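First the structure, in the form of structure tokens, and then the observations on it.
The values are calculated or read from the model by the stated rules, or taken from the named source; none is laboratory data. Since the model is a prediction, treat every value here as computed from it, not as a measurement. Cβ placement follows ideal geometry from the backbone for every residue including glycine, while neighbour counts extend to all protein chains displayed.
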């Protein structure tokens, strides 16, 4: 989980511009770089959602530290389950050598980048 606090979220207007401008989508960062950005983005989403859940539950009454930890563990398990396929796809992309396969993996990488709103910078 990243603790550097930097934000790699792409504004919604940028995402819309990327979807309407195929040239902006064409470049694909190398798979290792995209994996690092994906890990950062996932950690950011997980932190935000878990804290919102804990805050909402806290507002209803007293939460024990054990209950807070259970919410955090559940959040982590959900994130792991949802992101295992994109992570594996990026790992595969790094190992592909055949030209046709390489293009399919690049398409997957671009889809992952758009899905998780990961910028190119």
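Points to keep in mind about this one:
- Odd one out for residue 75 among (1) under 13 Å from the mean Cα position of the chain (by Cα); (2) surrounded by 12 or more Cβ atoms within 10 Å (Cβ to Cβ); (3) more than 12 Å from residue 116 (Cβ to Cβ); (4) modelled with pLDDT of 90 or more: (1)
- Residue in the range 22-34 that is within 13 Å of the chain's Cα centre (by Cα) and either within 20 Å of residue 119 (Cα to Cα) or modelled with pLDDT under 50 (or both) present: yes
- For the range 52-67, the criterion of being surrounded by 16 or more Cβ atoms within 10 Å (Cβ to Cβ) and under 18 Å from residue 38 (Cα atoms) is met by no residue.
- Any chance residue 97 is modelled with pLDDT under 90, closer than 30 Å to residue 30 by Cα and not in a helix (DSSP H, G or I): yes
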